[in-house]
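The values are calculated or read from the model by the stated rules, or taken from the named source; none is laboratory data. Quick caveat, the model's predicted, so the values are computed rather than measured. Cβ placement follows ideal geometry from the backbone for every residue including glycine, while neighbour counts extend to all protein chains displayed. The protein model used for the area step is the full one, side chains on, heavy atoms only, and it has no ligands, DNA or RNA in it. Shrake-Rupley method; radii C 1.70, N 1.55, O 1.52, S 1.80 Å.
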Amino acid sequence: MSIDLRKRIVDLSKKAAFAANKHGIEGHRAQVALVLDISASMNALYKSGVVQRVIERILGLAISFDDDGQIDLLLFGTNAYSLPPVTLDEIEGYVERVILAQYKIREATNYAPPLRLLLNKYPAPQPAPVLVIFLTDGGNADRRESAEAIRELSSQPVFVQFVGIGKDDFPFLHKLDELPGRVIDNAGFIAVNDIDAIKDAELYDRLLNEFPQWLIQAREKGFLTGWPECIPSTPSAHG
């Protein structure tokens, strides 16, 4: 890894830690997963380097939660795919080397396949709660199946932060954010028109806005028993 890239990611981890402190969860452990849309409309974002920079920013977040920080990476389009973890040693050129070299960014958009992968990948118990950043630029074709998967995930130690990028209104992601029939509220939603333009501090602040409140509910339900080091003791003032 180049010295400049390492320095950038270390700087990003400090900004992420600042955001975690703002929300009352600095120093708590979490696993971080990133779920990336490879539908056809995302093609330009992969080719132009936007997605590579997103992965770098999420790696900064992962490092802030765990000294051995890495990202578990999933892709989804028509189907879903589990990729090798992203680490500091692997981050440079990851999109070109691992994603574009092996996958075509031209599939349809289904949310249920990656949500099902998350269900299978993170059964309780886990060594730490799982924060999933789920990034997409448009609506999906499998709404009923996706809603059911989110309901099933609501009894596991997994919080899904949906990120809608671009100018779509994302009505279904708004619906998932308020979905009835869940054990606890296990999903959040933010819309970001231009993810490359949003400042790092604002991005981390928004990504972590609902996670602390979920941690409290998950602890109360017993999903995180045995992991007291990773749970805030009081609700975030920013949740």
(request) Kindly indicate the residue of the stretch 53-75 that is touching a residue at least 60 places away in the same chain (Cβ under 8 Å) and hydrophobic (A, V, I, L, M, F, W, C) and also farthest from residue 195 (Cα to Cα) among those meeting that condition. (result) 65
(message) Looking at (1) more than 17 Å from residue 77 (Cβ to Cβ); (2) out of contact with any helix residue (DSSP H, G or I) (no Cβ under 6 Å at 6 or more places or on another chain); (3) buried (at least 21 other Cβ atoms within 10 Å of the Cβ), which one does residue 30 not meet, given that it meets all the others?
(response) (2)
(request) Scan the stretch 125-139 and give yes if some residue there is in contact with a helix residue (DSSP H, G or I) (Cβ under 8 Å, 6 or more places away or on another chain), open to solvent by 20 Å² or more (accessible area, probe 1.4 Å) and either touching a residue at least 12 places away in the same chain (Cβ under 8 Å) or in a loop (DSSP other than H, G, I, E, B) (or both), otherwise no. (result) yes
(request) Tell me which residues, restricted to the stretch 9-27, are open to solvent by less than 80 Å² (accessible area, probe 1.4 Å) and either in a strand (DSSP E or B) or basic (Lys, Arg) (or both). (result) 15
(request) Take the stretch 109-138 and flag every residue that is of a type in the set (Ser, Thr, Tyr) and either under 13 Å from residue 156 (Cα atoms) or at pLDDT below 95 (or both). (result) 122
(request) Evaluate the stretch 31-52: report whether one residue or more is outside any helix (DSSP H, G or I), in contact (Cβ under 8 Å) with a residue 24 or more places away in the chain and in contact with a His (Cβ under 7 Å, 6 or more places away or on another chain). (result) no
(request) Can you tell me which residue within the stretch 177-199, out of those that are touching a residue at least 24 places away in the same chain (Cβ under 8 Å) and under 15 Å from the mean Cα position of the chain (by Cα), is farthest from residue 223 (Cα to Cα)? (result) 195
(message) I'd like the full set of residues that are open to solvent by 20 Å² or more (accessible area, probe 1.4 Å) and of a type in the set (Lys, Arg), limited to the stretch 47-102.
(response) 47, 53, 97
(request) Quick one: in the stretch 103-120, of everything that is crowded, with 17+ Cβ neighbours inside 10 Å and charged (D, E, K, R), which residue is farthest from the chain's Cα centre (by Cα)? (result) 107
(message) Given (1) surrounded by 15 or more Cβ atoms within 10 Å (Cβ to Cβ); (2) over 23 Å from residue 19 (Cβ atoms); (3) of a type in the set (D, E, K, R), identify the lone condition not met by residue 169.
(response) (1)
